[in-house]
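K.L.:
If you scroll down you'll find the structure; I have some questions about it.
The values are calculated or read from the model by the stated rules, or taken from the named source; none is laboratory data. No experiment lies behind these values; they were computed from the predicted model shown. Cβ coordinates were reconstructed from backbone atoms using ideal geometry, including for glycine residues, and neighbour counts include every protein chain displayed. Side chains included, ligands, DNA and RNA excluded: accessible areas come from the protein's heavy atoms. Shrake-Rupley method; radii C 1.70, N 1.55, O 1.52, S 1.80 Å.
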Amino acid sequence: MSETTARKFNLLPMLGHTKGKRSPVTCALKCDNACAGETCNTSSNSYFRDIASATMSRRAALGFGAAGALAVVLGSAVTSAEPASAAGLSKAAKEGFAKSKLQFTAIKPVDKAVDAFTVPEGFTWQPIIRWGDPLFSDSPDFDLNNQTAAAQARQFGYNNDYTDILEIPDTKGRRAVLFTNHEYTNESIMVPKGYDAKETRAIGRAAHGLAVVELERKNTTKPWAYVKGAPLNRRFLDDTTYELTGPVAGSALVKTVADPSGKAIKGTFGNCSGGTTPWGTILSGEENFNGYFVSGGTSDGDKRYGLTSKATARQWELDDDRFDTRKPGYENEANRFGWIVEVDPFDPTSTPRKHSAMGRFKHEGANVIVAESGHVVAYMGDDEKFDYLYKFVSKGKYKEGDRKNNMGLLSEGNLYVAQFTGSAPAAEITGTGAVPSDGSFDGVGEWLPLVVDGQSAIKDMTVEEVLVYTRIAADKAYNKNGGPTKMDRCEDVQPSLHTGKVYVVCTNNSDRGKAGKEGATEVNPRNENRDGHIVEITESGDQTSTTFNWNLLMVCGDPAQGDVTYFSGYPVDKVSPISCPDNVAFDSVGNLWISTDGAPSGIGYNDGLFKVTLDGAERGKVEQFLAVPREAETCGPIIHDEERTVFVAVQHPGEDGSFEAPHSYFPDYVEKTTPAAGQVRAPRPAVVQVFRG
Ligand code: FEO
Ligand code: CA
Ligand code: CA
Ligand code: CA
């Protein structure tokens, strides 16, 4: 990275702090150097009490088949996945884990220098939509060297993360909507050196937000293409109004001079993962919002959320006072971010919403399941080292086909934070990742209440305060065992609709066990956890239960490199090496698919997408399906295995390059040829479809 680039984005102090594969540029631009910063959670809650003699129920180990009966197929009511009614199981769930139609031979890990999108033998790939592609009939074509904010606002944005594709009903599978969010920007590789600074900032703002784009295909065996000018196409920009719902709407904690109502918020930033609801809407998590604001940096709220007084990486505060919460009238502006956003992709005139009842933190995403009781339950991770796992339970009940009712479910309900207790003696949790003597990492857990029946469960905090300062409220929650469990960065948290089990992806935490920091616990069993792990939760009753059993599905890494790993007992020399799990999805028969954001310790591999068998003799088997190009992250997996096709978002390809010296030419790859219409000689984040052919 050139010094100019570093200066432009205030990166210099951070150079060299990253460990493993993630680049300092990604750290600075995506998460405001959260890894290098102070730990936001300095609470002394005694989170985790290992109990020496476990007396927990072993229903979890037995599969708890009845839990499957609680599930409905989320999203699939409107997607091509096999339809299921709210009252019943998907077909696959009824018949047990069938063999997927998507068969492949795992690829080998791909060296980090390789700027290629790699798929298994017999498969091919193509981008569906790329950064800069024109969305509307009046959108200008992408002009790499002459970008403007006005053009970007009418084109596909940058760094797509959460992605889903929902079929439009009554189109015989030939028409669908694609949703993606646009998490963050890297102006150093987006625009030429010396480009007008103010216009560059405006281009960056216009490249953030969300997008809905219609897709079409000739028939269900052909790949999708996006449709320019389609009626449902939409960009959500920094001036798009989001309605704040729930108990915080209208609160003094979220009012600003520009919005005295405290209910109408402009824009969404730092959106990471998400989820798709059973009623066909999309949820998107506002994650590293703190990186967009200059703040006092001294209040408890600022400190707990990582808000500081330094200039932001993108310096939007130079153009708009609302990005500096020290400015009169904007003291609460940062409180208006850090929420779960809900979008109706089927109604281009709908107002997107931010749901305050689901709490405010660095939301990775939210995944919804309908409990047997009819309440909807959303699982949510706070992606910060030593932060928590949350669960929301709606007050109202899901009514199949009653979209108006269902659209209101996330606006009111109970909020909980997770406490895990391990079964092994503390002495057996050595911090290496070695399995305790009983053969598995497991235990019991409790959902500690934060808000219940409209009342605050936290002493001296109102409901509004609990929901705006959810991290601080969670620090104060406790039961006889102590407080909530400090986790190794929860990314996607997703229930399987086949078993009801919930998969909690902990991507890594290189600070665990370091001086002054909490050490390994049974549920986060590795010190300096560079490779991450995955927790499997089985609720005790239906999904609304306040107690659960848990076990680890895997402790990631590369056994060939000497990493201590665990794959539910599957032979460690027979798995694809996997590290830094991030987003997950399920295929139609219940296998778990994992996309990664980092390579195994000490090696440089490109990120990838991996299939994990959850059931039967091969439980724990990890097989790599694809690898993304140089310096990219794999995001937003969608597995349409019945159609033998898979989709991923390719985020930040060529992140460490510069505009003048790109590190990637994905996906157009026209470095040495003349670009055709619409192609450019620059890396372009894109949504990719992989299919047989
Ligand atoms: Fe944007 Fe939690 O990764
Ligand atoms: Ca993520
Ligand atoms: Ca997911
Ligand atoms: Ca990540």
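K.L.:
Return only the number of the condition from (1) surrounded by 24 or more Cβ atoms within 10 Å (Cβ to Cβ); (2) free of Cβ contacts under 8 Å to residues at least 24 places away in the same chain that residue 606 does not satisfy.
P.N.:
Evaluating residue 606 over (1) surrounded by 24 or more Cβ atoms within 10 Å (Cβ to Cβ); (2) free of Cβ contacts under 8 Å to residues at least 24 places away in the same chain leaves (2) as the failure.
K.L.:
Could you list, in sequence order, the residues of the range 586-598 that are of a type in the set (A, V, I, L, M) and within 15 Å of ligand 4 (Cβ to nearest atom)?
P.N.:
Listed by number, the list holds a single entry, 594.
K.L.:
Yes or no: residue 650 within 21 Å of residue 603 (Cβ to Cβ) and within 22 Å of the chain's Cα centre (by Cα)?
P.N.:
Considered against the rule, which asks whether it is within 21 Å of residue 603 (Cβ to Cβ) and within 22 Å of the chain's Cα centre (by Cα), residue 650 comes out as yes.
K.L.:
Still on this model: Can you run down the residue pairs with Cβ atoms below 6 Å, 6 or more apart or on separate chains, where the first is in the range 362-374 and in contact (Cβ under 8 Å) with a residue 12 or more places away in the chain and the partner is open to solvent by less than 10 Å² (accessible area, probe 1.4 Å) and of a type in the set (S, T, N, Q)?
P.N.:
Sorted first by the residue in the range 362-374, then by its partner, the pairs are 364/273; 365/273; 368/277; 369/543; 371/543.
K.L.:
Go through the range 544-642 and tell me which strands (runs of 3 or more DSSP E), entirely inside it, have 3 or more residues that are closer than 18 Å to residue 507 by Cβ, aliphatic (A, V, I, L, M) and modelled with pLDDT of 95 or more.
P.N.:
547-555
K.L.:
Quick check: is even one residue across the range 615-622 under 29 Å from residue 533 (Cα atoms), of a type outside the set (Phe, Trp, Tyr) and within 16 Å of ligand 2 (Cβ to nearest atom)?
P.N.:
No: zero hits.
K.L.:
Continuing with this model, one more query. If I ask for residues that are in contact with a Gly (Cβ under 6 Å, 6 or more places away or on another chain) and open to solvent by 10 Å² or more (accessible area, probe 1.4 Å), which ones from the range 394-410 would you list?
P.N.:
Once the filter is applied, which keeps residues that are in contact with a Gly (Cβ under 6 Å, 6 or more places away or on another chain) and open to solvent by 10 Å² or more (accessible area, probe 1.4 Å), the range 394-410 yields 395, 397, 398.
K.L.:
Does residue 588 count as among the polar types (S, T, N, Q), over 14 Å from residue 109 (Cβ atoms), more than 16 Å from ligand 1 (Cβ to nearest atom) and open to solvent by 10 Å² or more (accessible area, probe 1.4 Å)?
P.N.:
Answer is yes for this residue.
K.L.:
I would also like to ask the following. Within the range 240-248, does at least one residue satisfy the condition of being closer than 30 Å to residue 379 by Cβ, small (Gly, Ala, Ser), away from ligand 3 (no atom under 16 Å from the Cβ) and open to solvent by less than 10 Å² (accessible area, probe 1.4 Å)?
P.N.:
Among the residues of the range 240-248, not one is closer than 30 Å to residue 379 by Cβ, small (Gly, Ala, Ser), away from ligand 3 (no atom under 16 Å from the Cβ) and open to solvent by less than 10 Å² (accessible area, probe 1.4 Å), which makes the answer no.
K.L.:
Filter the range 283-294 down to the residues that are assigned to a loop (DSSP other than H, G, I, E, B) and either within 16 Å of ligand 1 (Cβ to nearest atom) or open to solvent by 10 Å² or more (accessible area, probe 1.4 Å) (or both) and list them by number.
P.N.:
Those that are assigned to a loop (DSSP other than H, G, I, E, B) and either within 16 Å of ligand 1 (Cβ to nearest atom) or open to solvent by 10 Å² or more (accessible area, probe 1.4 Å) (or both): 287, 288.
K.L.:
Check whether at least one residue in the range 355-370 is open to solvent by 10 Å² or more (accessible area, probe 1.4 Å) and more than 16 Å from ligand 1 (Cβ to nearest atom), and report yes or no.
P.N.:
The answer is no, given that none of the residues of the range 355-370 is open to solvent by 10 Å² or more (accessible area, probe 1.4 Å) and more than 16 Å from ligand 1 (Cβ to nearest atom).
K.L.:
Here's another thing I want to ask about it. In the range 568-583, which residue that is surrounded by fewer than 24 Cβ atoms within 10 Å (Cβ to Cβ) and either free of Cβ contacts under 8 Å to residues at least 12 places away in the same chain or among the polar types (S, T, N, Q) (or both) is nearest to ligand 4 (Cβ to nearest atom)?
P.N.:
In this case the residue turns out to be 576.
K.L.:
Something else now. Being within 16 Å of ligand 1 (Cβ to nearest atom) and on the phi < 0 side of the Ramachandran plot narrows it down to one of 544, 499, 596, so name that one.
P.N.:
596
K.L.:
Scan the range 137-154 for residues that are in contact with a Lys or Arg (Cβ under 8 Å, 6 or more places away or on another chain) and buried (at least 23 other Cβ atoms within 10 Å of the Cβ) and report the count.
P.N.:
Count: 0.
K.L.:
For the range 609-636, give me each residue that is within 15 Å of ligand 4 (Cβ to nearest atom), open to solvent by less than 10 Å² (accessible area, probe 1.4 Å) and either touching a His at 6+ places or on another chain (Cβ under 9 Å) or touching a residue at least 60 places away in the same chain (Cβ under 8 Å) (or both).
P.N.:
Correct list: 628, 632, 633, 635, 636.
K.L.:
Take residue 413 and tell me if it is open to solvent by less than 30 Å² (accessible area, probe 1.4 Å) and within 22 Å of residue 453 (Cβ to Cβ).
P.N.:
For residue 413, the condition - open to solvent by less than 30 Å² (accessible area, probe 1.4 Å) and within 22 Å of residue 453 (Cβ to Cβ) - is met.
K.L.:
Can I ask one more? I want to confirm something. Restricting to the range 366-407 and keeping residues that are touching a strand residue (DSSP E or B) at 6+ places or on another chain (Cβ under 8 Å) and on the phi > 0 side of the Ramachandran plot, which single residue is farthest from ligand 4 (Cβ to nearest atom)?
P.N.:
Among them, the one singled out is 374.
K.L.:
While we're looking at this one, here's another question. Yes or no: residue 379 open to solvent by less than 10 Å² (accessible area, probe 1.4 Å), away from ligand 2 (no atom under 16 Å from the Cβ) and either touching a residue at least 60 places away in the same chain (Cβ under 8 Å) or closer than 23 Å to residue 445 by Cβ (or both)?
P.N.:
no
K.L.:
Next question. From 204, 209, grab the single residue that is open to solvent by less than 10 Å² (accessible area, probe 1.4 Å) and either among the charged types (D, E, K, R) or closer than 22 Å to residue 666 by Cβ (or both).
P.N.:
Checking each option against the conditions leaves just 204.
K.L.:
If residue 379 meets every condition in (1) within 16 Å of ligand 3 (Cβ to nearest atom); (2) farther than 30 Å from residue 239 by Cα apart from one, which number is that one?
P.N.:
Failed condition: (2).
K.L.:
Applying the selection to the range 505-515, what residues are within 13 Å of ligand 2 (Cβ to nearest atom) and in a strand (DSSP E or B)?
P.N.:
505, 506 - these are the residues of the range 505-515 that are within 13 Å of ligand 2 (Cβ to nearest atom) and in a strand (DSSP E or B).
K.L.:
Residue by residue through the range 488-502, note down the ones that are in a strand (DSSP E or B) and within 15 Å of ligand 3 (Cβ to nearest atom).
P.N.:
Of everything in the range 488-502, those that are in a strand (DSSP E or B) and within 15 Å of ligand 3 (Cβ to nearest atom) turn out to be 490, 491, 492, 493, 494, 495, 502.
K.L.:
Out of everything in the range 643-664 that is open to solvent by 40 Å² or more (accessible area, probe 1.4 Å) and in a loop (DSSP other than H, G, I, E, B), what residue ends up being nearest to residue 130 (Cα to Cα)?
P.N.:
Here the residue is 663.
K.L.:
Looking at 445, 482, 454, can you tell me which residue is closer than 27 Å to residue 508 by Cβ, in contact (Cβ under 8 Å) with a residue 60 or more places away in the chain and surrounded by fewer than 19 Cβ atoms within 10 Å (Cβ to Cβ)?
P.N.:
Within the list 445, 482, 454, the selection yields 482.
K.L.:
Now, a different point. Name the residues in the range 169-190 that are among the β-branched types (Val, Ile, Thr) and open to solvent by 30 Å² or more (accessible area, probe 1.4 Å), would you?
P.N.:
The answer is 171, and nothing else.
K.L.:
Taking residue 306 as meeting all but one of (1) within 16 Å of ligand 4 (Cβ to nearest atom); (2) open to solvent by less than 10 Å² (accessible area, probe 1.4 Å), write down the number of the exception.
P.N.:
Failing condition for residue 306: (2).
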